[in-house]
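The values are calculated or read from the model by the stated rules, or taken from the named source; none is laboratory data. In this text, all values refer to a predicted model and were calculated from it rather than measured experimentally. Cβ placement follows ideal geometry from the backbone for every residue including glycine, while neighbour counts extend to all protein chains displayed. Only protein heavy atoms, including side chains, enter the accessible area calculation; ligands, DNA and RNA are left aside. Shrake-Rupley method; radii C 1.70, N 1.55, O 1.52, S 1.80 Å.
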Amino acid sequence: MELILSDASSLEQRQVDEPDFHRGHSSQGAEKPIEVRKLDGFLSGFAYVKIGITRTAYSGEGPKLQFYSQDVMLSAGGGNISGSPYPELELQRAGPKGFAGRIHLAKPAEFFDDKYQYDFSFRAPLSDPHAPIGDPLPAGGGEPGKSYLSWLDAVRSGDIDRIKAMLPPEKVEMLEAEDAKESIEFLQIMTPGDVKILGGSSDGSTPILKVEGTMDDSKMFGEITLTKQGESWVTTEESWKLP
């Protein structure tokens, strides 16, 4: 099970056993803590239930929680179901260090010929999602920082071969299609300019850069994740937002 809290960076993950899930039974899968930045990759190839929860109040008896999204994948690689029926939420602990409770569908739900039902307990410790993941990187981001700036130069150049050489293998395919030119143009539009590396950290295998840039004359702040490909650092994920 995946829970998403607006101010949580590490949550409890319960994997869904796909055959049981199809029959509408509660899963007894293993629990494993997964960092938010790694959740999408972790869920790939699984049947899963993804629940979005937000905090709605800070006064009175304590913070309140409310569902804002539900995403159910009935089979690995299949289509997903979003929206109602929403589950019931029973809180056993609410703040200040985290939340714990139970989320469940009171009765089986139907989607065409499939029926599904789930009943999960969860623990969600709160922590700073922007906290460093390991040791600080040198000024300018060190070698990962240089690789990211080289990637930006390649994007601005529009050179397909140069860009492909700096992409992870699973993303190279998008530049081998007939609309490769359009894909590069879109990438250029979505890439901020005047990028500066503010800092970063690394756990030894995954460096994360903190950066700033501009888009449409507005300042943006970003988090860039890289991985090692051969002897080079490759940009695998970018997350940008307004201040």
So if R0 is 30 Å, what FRET efficiency would T54 and S232 give, r being the distance between their Cβ atoms, rounded to the nearest 0.05? 0.15
What's the extension gain from F112 to A94 if we count 0.36 nm per residue and subtract their Cα-Cα distance? 2.8 nm
Diffing region 196-213: the Karplus 3J(HN,Hα) column from phi (6.51, -1.76, 1.60, θ = phi - 60°), in whole Hz with x for Gly and Pro, holds 10, 8, 8, x, x, 8, 8, 8, x, 10, 10, x, 10, 9, 9, 9, 9, x
Compute the length gained on full extension between S82 and A180: take 0.36 nm times their separation in residues and subtract their Cα-Cα distance, giving the result in nm to one decimal. 32.1 nm
Carbon plus sulfur, as percent of the 1.4 Å-probe accessible area of region 89-179, comes to 52 percent
Kirkwood estimate for region 171-243, i.e. one over the average of 1/r between Cα atoms, Å: 13.7 Å
Sticking with the crude label model, points 7 Å out along Cα→Cβ, report the distance from E173 to S69 in nm, one decimal please. 2.4 nm
Using DSSP to define loop residues, name the chymotrypsin sites (Phe, Trp or Tyr not before Pro) in region 84-157 whose beta-carbon has at most 12 other beta-carbon atoms within 10 Å. F112
With a point put 7 Å past each Cα toward its Cβ, work out how far S239 is from R156 in nm, to one decimal. 2.6 nm
Going through K164/K241; K196/K228; K146/K210; K181/K241 one by one, the pairs whose alpha carbons sit over 23 Å apart turn out to be K164/K241; K181/K241
Cleavage-rule hits (GluC sites (Glu not before Pro)) in region 111-220: DSSP loop, at most 11 neighbouring Cβ within 10 angstrom: E176, E178
How much accessible area per residue does region 109-243 have, in Å², with a 1.4 Å probe? 59 Å²
